[in-house]
Amino acid sequence: MSATSELKEDDSNDDKVKPAQQGQTSDKSAQVLLRRPLSEDGADVHQLIGSCPPLDTNSLYCNLLQASHFSGTSVAAELDGELVGFISGYIIPERPDTLFIWQVAVAEQGRGLGLAGRMLREILARPACTAVRHLETTITPDNDASWALFRSLARKLDADCADSVMFDRERHFKGQHDSEMLLRIGSFDAPRNEVAG
């Protein structure tokens, strides 16, 4: 599947922290390293995505390409030397002002930290995204966590969002996959330091 952005994470609200765990959670969150992925991350990305249903798995070769060719618009999250999060994205070739987010994956040990939102803002703050004014992704209608994540990002960017069917269950998937709704955020022109914060 070339356009999937499903999320197996129940912390789509970046600021949602249980009061009794606030100090502990923010300490752990501060320990997460966000970085550009490397080709050597490809196998770990493949394993991470496989452990995050309902994400569609791609070939290991695809994940190697995501971690190398698209490293400027993708992000790896590391905790104690282990990959706990990954977002793949790319600039749409015909629309250099649009970043497409392909998949968002967060391992169980990375959940509850607002990590998905942090990773998205990290990508938007990258030099490769200097000209980006729109963000697009696809989400299945029942993926509440992903809808909440991207709508939260739109609010932080003070940007509109609109959705429409991109890939239809019957027409494109022959009934084998739920429809993928295109969510388009933008336009936005936030100062990069505000987006990253």
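For this structure, a couple of remarks:
- Out of Ala154, Ala148, Ala131, sole residue that is open to solvent by 10 Å² or more (accessible area, probe 1.4 Å), small (Gly, Ala, Ser), in a helix (DSSP H, G or I) and farther than 21 Å from Glu40 by Cα: Ala148
- Considering Leu135, Leu79, Leu157, Leu99, the condition of being under 17 Å from Asp189 (Cα atoms), among the aliphatic types (A, V, I, L, M) and modelled with pLDDT under 95 is satisfied by Leu157 alone.
- Test: residue in the stretch 63-73 that is within 22 Å of Leu183 (Cβ to Cβ), of a type in the set (Ser, Thr, Tyr), open to solvent by less than 80 Å² (accessible area, probe 1.4 Å) and modelled with pLDDT of 50 or more: yes
- The set of residues in the stretch 158-189 being open to solvent by 50 Å² or more (accessible area, probe 1.4 Å), assigned to a loop (DSSP other than H, G, I, E, B) and under 22 Å from Cys129 (Cβ atoms) consists of Asp158, Asp160, Ser187, Asp189.
- Search result, residues across the stretch 80-89 that are under 14 Å from Asp41 (Cβ atoms) and open to solvent by less than 50 Å² (accessible area, probe 1.4 Å): Leu83, Val84, Gly85, Phe86, Ile87, Ser88
- Residues in the stretch 14-62 that are at pLDDT below 90 and part of a helix (DSSP H, G or I): Pro19, Ala20, Gln21, Gln22, Gly23, Gln24, Thr25, Ser26, Asp27, Lys28, Ser29, Ala30.
- None of Ile92, Ile123 is at pLDDT 95 or above, in contact with a Leu (Cβ under 9 Å, 6 or more places away or on another chain) and surrounded by fewer than 19 Cβ atoms within 10 Å (Cβ to Cβ) except Ile92.
The values are calculated or read from the model by the stated rules, or taken from the named source; none is laboratory data. The structure presented is a predicted model; accordingly, all values stated were derived computationally and were not measured. Neighbour counts are summed over all protein chains in view; Cβ atoms, including those assigned to glycine, are modelled from backbone coordinates with ideal geometry. Side chains included, ligands, DNA and RNA excluded: accessible areas come from the protein's heavy atoms. Shrake-Rupley method; radii C 1.70, N 1.55, O 1.52, S 1.80 Å.
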